[in-house]
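Notes to accompany the following structure.
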Amino acid sequence: MAAIQPPKMARIASTVQLVIWLGVCMVVVLPVARSAESRKNPPSARALAKELSKALADTTNPARWSKAHAIVQVWAASNPQEAISWTRKHTAGFDQQQLVNAILVEWTRHDPTAAAGYALGLPPEERASSEALRRVVQIWSRDVDPRAALAWVQKLSPGMERDSLIGLAVLGWAEREPEAAAAFALGHPPGQGRASLQYTVAHGWMSKDPPGAWGYALSLPADPQKKALLHALMSSWAYRDPAAALRYVNALPDPDDRRFMRIWLVGRLAEKDRTAALDYARKLTGEDRDSALQEIVRTVAERDPQAAAAIAAEISSAK
């Protein structure tokens, strides 16, 4: 029997999650939704608590956590406070932390201000260890309303937590409206705070528009950390689309950086499309060409040693 490949495994995992979700709906939601009137009402707390207890108790089931997560999502959509209260009373440790965070995610999508207020009210130690407030701000800014999330965070007491949450809100904003987030960052007083926000914007922008993010990052003032930022963005881009990243690598201001990143990108491209990587490498000249071919050899040697040997024969030093 042929081994199941990773993409197929991912599809199977996705199907399993869907089946679990449908199962939860059939067990918990369907009995409540049999009439037009009942469809307007959420499942009862008793029914949800019963199903959640059953899911958590089934420790031999590999789908235990997925099922519990699906149940608390249903519960959180109708009564998040009740769901959290039950979870705190009947669970502990890792299970409790994960379930509370799952409830907060769903709560944030329905009422972010209330969810943030709850997370803020947790003891500082618990808030830090569970990252509850960070999770709320992340979802609020990324999936709901980044401007409202940022406005809420800015009202918190000054300190490291507030600064960190501002950065998180700006990241979510940049993933949706990068130009607006960039303008906000530029409005900060000059210094490390502004530079940090600008780098955050560049990372968020990359997820939406890699060429735009790259241009923005290059336009930032020279700074000891700028080189690290450019490398991080190029690396992120490479794992998504190395061929596109290669088209922009020559914009790196430092020639040594250009050479290093070009060769590294060729290797990443070879992992996805060996033919395209070879076409690119063969158009280079001299040492750059040889280095690119060597990187391709390293990339393909384990999977296809015969092909790697043929490519190695093209390297000038090997002739």
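The values are calculated or read from the model by the stated rules, or taken from the named source; none is laboratory data. All values derive from a computational prediction rather than experimental measurement. Glycine gets a Cβ as well: all are built from the backbone with ideal geometry, and neighbour counts include every protein chain shown.
Some values worked out for this structure:
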| item | result |
| --- | --- |
| Test: residue in segment 105-123 that is over 29 Å from Val170 (Cα atoms) and of a type in the set (Val, Ile, Thr) | no |
| Test: residue in segment 109-119 that is over 28 Å from Ala57 (Cα atoms), surrounded by fewer than 16 Cβ atoms within 10 Å (Cβ to Cβ) and among the acidic types (Asp, Glu) | yes |
| Flag if Gly93 is on the phi > 0 side of the Ramachandran plot and modelled with pLDDT under 90 | yes |
| From the options Pro190, Pro158, residue that is part of a loop (DSSP other than H, G, I, E, B) and either closer than 30 Å to Trp214 by Cβ or among the acidic types (Asp, Glu) (or both) | Pro190 |
| Residue that is farthest from the chain's Cα centre (by Cα), among those in segment 262-277 that are among the charged types (D, E, K, R) and crowded, with 17+ Cβ neighbours inside 10 Å | Arg274 |
| Number of positions in segment 128-152 that are more than 21 Å from the chain's Cα centre (by Cα) and surrounded by 16 or more Cβ atoms within 10 Å (Cβ to Cβ) | 1 |
| Index of the failed condition, Leu171 passing every other in (1) crowded, with 17+ Cβ neighbours inside 10 Å; (2) more than 17 Å from the chain's Cα centre (by Cα); (3) not β-branched (Val, Ile, Thr) | (2) |
| Residue selected from segment 110-147 under the condition part of a loop (DSSP other than H, G, I, E, B) and modelled with pLDDT under 95, by the criterion farthest from Gln96 (Cα to Cα) | Gly121 |
| Helices (runs of 4 or more DSSP H) enclosed by segment 1-86 - at least 2 residues per element that are at pLDDT 50 or above and farther than 20 Å from Gln97 by Cα | 6-24, 45-57 |
